[in-house]
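The values are calculated or read from the model by the stated rules, or taken from the named source; none is laboratory data. If you're wondering where the values come from, they're calculated on a predicted model, not measured in any experiment. Positions of Cβ are generated from backbone atoms using ideal geometry, with glycine treated the same way; all protein chains shown enter the neighbour counts.
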């Protein structure tokens, strides 16, 4: 609440009074044009990777979305002999060597961009310029992937002694030694569980930490564990609220999309290009769901940061600090009165 003049309340800052109302801004932020386009790009690239690797997800669950992305590819590679004879990723696990990194890099870029746009919007209520957006990604973009890599390596390194202990148990001479020293593998197993749990439930917080505070990989991991493990019930409550609001937003966007499509079907004759654009419009609700997920991650991170560190909502890392208006220089004139020195 703002007390302006003689104790009279002129304005109530509901975000400071009840911080959870920040979640009500998720729908408006997720419906931004740039955010929806980035979500569409991520889905489109994921659909192509899935098609090349034989992962049948989008073409079975989201047929209209798949049709739009299929029609958007210049060459009809989906009916070529190359993809008809491809091995499924489940039959050839070696495809994971390029499919999984491809999906991770795709959403590292698209998700990171979305998180940065939302971070600036929710904190200082400004639209991040495209130039600053790419500048931020060039300066801090490595934090998105490095945080995931560091945390994943931590899980592997902590689990390795446990696995080695299991191998040594098969050696007749060393099994007794391993049994005596079993508390050591148990400690590593405990840390493996903690790291894996943090990675499983909080990896999206890593992206939010990099987008909001410009964190590197280690700082993002530190913030994630600090916020989630100190406020686990808050974290769960925020996601439940976001899920309810996101589902209502999806129903609204889906209803509007269906109405627009049926209106176009009624007024415009059928054509392959028209079908493509209608399929793209029908994919908007799914792009909204992706945008909602990344937007919710940033909003929840801001709430956790304020709860744990008491950091105001309007603090955000800026790649180019805002220009500070300096006071003009003043000098005395011939009669000793102050006057402003004109700037050149």
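Worth a mention:
- For residue 181, the test of being touching a helix residue (DSSP H, G or I) at 6+ places or on another chain (Cβ under 9 Å) and either more than 30 Å from residue 31 (Cβ to Cβ) or exposed (fewer than 13 other Cβ atoms within 10 Å of the Cβ) (or both) is passed.
- Of the residues 296, 275, the single one that is at pLDDT 85 or above and touching a helix residue (DSSP H, G or I) at 6+ places or on another chain (Cβ under 9 Å) is 296.
- Residue identified as at pLDDT 85 or above and within 18 Å of residue 206 (Cα to Cα) among 154, 131, 102: 154
- Filter pass, residue 122 being modelled with pLDDT of 90 or more, assigned to a helix (DSSP H, G or I), within 30 Å of residue 184 (Cβ to Cβ) and touching a helix residue (DSSP H, G or I) at 6+ places or on another chain (Cβ under 7 Å): no
- Test: residue in region 182-191 that is outside any helix (DSSP H, G or I) and modelled with pLDDT under 90: yes
- Filter pass, residue 328 being touching a strand residue (DSSP E or B) at 6+ places or on another chain (Cβ under 7 Å), at pLDDT below 85, exposed (fewer than 13 other Cβ atoms within 10 Å of the Cβ) and in a loop (DSSP other than H, G, I, E, B): yes
- Filter result (surrounded by fewer than 19 Cβ atoms within 10 Å (Cβ to Cβ) and part of a helix (DSSP H, G or I)) within region 20-35: 20, 21, 24, 25, 28, 33, 34
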